[in-house]
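A.B. asks: If you scroll down you'll find the structure; I have some questions about it.
The values are calculated or read from the model by the stated rules, or taken from the named source; none is laboratory data. The structure displayed is predicted, hence computed values, not measured ones. Note: ideal-geometry Cβ built from the backbone for every residue, glycine included; neighbour counts use all protein chains shown. Surface accessibility is based on the protein's heavy atoms, side chains included, excluding ligands, DNA and RNA. Shrake-Rupley method; radii C 1.70, N 1.55, O 1.52, S 1.80 Å.
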Amino acid sequence: MAEAVPALEGGAAEKATSLKTGKKVSPKFILSDASSEAFCVRFSPDDQYLVASCGNGSMRVYNTSTGKQAFLLNAGTDKLPTTQVRWRPHQSLSKTKNVLISVSAEGLVQHWHITSGKCLHEIQEPENQLYCIDYVADGSQFATSGKDRTVKVYDEATKRLCGTLQGGDSISTPGHSNRVFSLRYHPQQKNVIVTGGWDNTVQFWDVRKGHAVRSIFGPHICGDAVDISSDGNVLLTGSWRIEKQLQLWDFRSEKLLENIPWRSGVSLSEPCMIYAAQFSKGPRSDMIVAGGSGANEAKLFDRSQSNMAFGTIMGMSRACYSVDFSTNGDMVAVSGGDGTVRVMNIHS
């Protein structure tokens, strides 16, 4: 059931800020037909569809122009959560469109063709729980990570394992020592992968070397909360803690560039501990969206205006687990523990 009901709230200071930034958000859809948590939301590359992966293993695919559910994948009982999904990039050599890849808490990697509802391929990572997956920009490879702290890289055409990245170089980093919850390919350097997890580190991996080559100590990553700007120069991290949650880092030097404050001025509101953070997908990466628990909300920030907040998405009864900008930047979707997917329009 899709209802266009308001999901946006904000105080006077935030309304004034949205006037300053020139950007504002308004409700588009609230998709509240879920029977379990929505762990991940993702717009398709052409923004025609939005997929939500759920705690019961299913994936619900919505039409973004109508808000109606178009397809249901992996439905059934007694399935473990589908923890993350990614659409195959349109740059991929394969002619088949509308393909997405999912990972699950039972270590499954599955390719799905949404229009036929078929599972095209399945890989089992034994004894592993998978929490994150990403495609390289040209769609020729994908990588997974999770409980076993390694990064596995696969060839998209053959679906074969190309290599397992583990540990470090024993000089600048030892690799991960705990679960990994976020993974990103660098937008321009196809041999560079960045991951974050419970061990308070962000690791930089070189696919050619087979291990981590450097790291940042500090961010406590508990969800899909590591991202890289489109120009490859800035790293975004969202930490599950009550202060210094949202941070920007120089990708090359690993230096902290900025702590983005969640609240402006003195605030008595409950703090938000971040599970998900992302740059907008345009060439300038000029917006940031992040959300989490505690305050159970998501916020939008305008990078062109000193990272001012220009909208808050509230009204969630449980934590926000996932955020996603549409490819063209005029929509944002958030989902979480209450199973509801909220889609907002962004006006410049």
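A.B. asks: Place a point 7 Å from the Cα of Ser35 along the Cα-to-Cβ direction; which residues of region 52-92 have their backbone N under 15 Å from it?
C.D. replies: 54-60, 72-81
A.B. asks: Can you work out the base-10 log of I(q)/I(0) for the chain at q = 0.08, 0.09 1/Å, using the Debye formula on its C-alpha atoms alone?
C.D. replies: For the requested q values the scattering log ratios are -0.34, -0.43.
A.B. asks: Where nothing but the Cβ of Lys and Arg (+1) and of Asp and Glu (-1) is charged, how large is the charge dipole of the chain around its Cα centre, in debye to the nearest 20? Show your work: numbers first, answer last.
C.D. replies: Numbers: 36 positive and 34 negative charges, 96 e Å.
Here the size comes out at about 460 debye.
A.B. asks: Per residue, how large is the accessible surface of the chain? Use a 1.4 angstrom probe and give square angstrom. Display every interim value, and only then the final one.
C.D. replies: Details: 14080 Å² over 348 residues.
Per residue, the chain has an accessible area of 40 Å².
A.B. asks: How much length would be gained if the chain were fully extended between Thr77 and Glu254, taking 0.36 nm per residue of separation minus their Cα-Cα distance, in nm to one decimal? Don't skip to the answer; put the middle values down first.
C.D. replies: Working: separation 177, 0.36 × 177 = 63.72 nm, distance 4.46 nm.
Roughly 59.3 nm would be gained on extension.
A.B. asks: For the cross-link pairs Lys152/Lys281; Lys190/Lys281; Lys79/Lys209; Lys68/Lys118; Lys68/Lys97; Lys147/Lys190, which exceed 28 Å when the distance is taken from alpha carbon to alpha carbon?
C.D. replies: Working: Lys152/Lys281 25 Å; Lys190/Lys281 17 Å; Lys79/Lys209 36 Å; Lys68/Lys118 20 Å; Lys68/Lys97 20 Å; Lys147/Lys190 24 Å.
Exceeds cut-off: Lys79/Lys209.
A.B. asks: In addition: What FRET efficiency, computed as 1/(1 + (r/R0)^6) with R0 = 25 Å and r the Cβ-Cβ distance, is obtained for Trp198 and Lys68, rounded to the nearest 0.05?
C.D. replies: The computed FRET efficiency comes out at 0.10.
A.B. asks: If each residue of separation counts as 0.36 nm, what is the full-extension length gain between Asp206 and Lys244 once their alpha-carbon separation is subtracted?
C.D. replies: Numbers: separation 38, 0.36 × 38 = 13.68 nm, distance 2.81 nm.
Net length gain for the segment: 10.9 nm.
A.B. asks: While we're on this one: Obtain the nm distance between the two label points defined at Asn178 and Asp231 by a simple spin-label model: each point lies 7 Å from its Cα along the Cα-to-C-beta direction.
C.D. replies: 3.4
A.B. asks: Cα centroids of region 308-348 and region 196-272: how far apart, whole angstrom?
C.D. replies: Region 308-348 and region 196-272 have Cα centres spaced 20 Å from each other.
A.B. asks: From zero outward in steps of 5 Å, how is the percent of C-alpha pairs of region 159-282 spread across the bins?
C.D. replies: 2, 11, 21, 23, 20, 12, 6, 3, 2, 1, 0
A.B. asks: Return the distance in nm (one decimal) between the two label points of a simple spin-label model at Ser306 and Lys97, each offset 7 Å from Cα along Cα→Cβ.
C.D. replies: Result: 4.4 nm between the two label points.
A.B. asks: Given contacts defined as C-alpha pairs under 8 Å and at least six residues apart, what's the relative contact order of region 29-83, whole-number percent? Before the final figure, lay out the partial values.
C.D. replies: On the way: 107 pairs, mean separation 16.4, N = 55.
In percent, rounded to a whole number, it is 30.
A.B. asks: Could you order the peptides 212-225, 118-131 from most to least packed, using the average number of other C-beta atoms within 10 Å per residue? Mind dumping the intermediate values first?
C.D. replies: Details: 212-225: 22.4, 118-131: 15.4.
Going from most to least packed, we get 212-225, 118-131.
A.B. asks: Given the Cα-Cα distance of Phe217 and Asn345 and 0.36 nm per residue of separation, how much length would full extension add, in nm?
C.D. replies: Details: separation 128, 0.36 × 128 = 46.08 nm, distance 3.57 nm.
This chain segment gains 42.5 nm when fully extended.
A.B. asks: First obtain the Kirkwood hydrodynamic radius of region 231-332 from its Cα pairs, then insert it into the Stokes-Einstein equation at 37 °C and 0.692 mPa s, and state the resulting D in µm² per second as a whole number. Let's see the in-between values first.
C.D. replies: Numbers: Rh = 13.8 Å.
Calculated translational D: 237 µm²/s.
A.B. asks: Quick one: what does P(r) look like for region 86-158 with 5 Å bins over all Cα pairs, in whole %?
C.D. replies: Spelled out per bin, shortest first, that is 4, 17, 29, 26, 16, 7, 2.
A.B. asks: Using packing as a proxy for protection, rank 249-256, 22-29 so that the peptide with the highest average count of other Cβ atoms within 10 Å comes first. The partial results should precede the final answer.
C.D. replies: Working: 249-256: 14.0, 22-29: 18.6.
The peptides rank, most packed first, as 22-29, 249-256.
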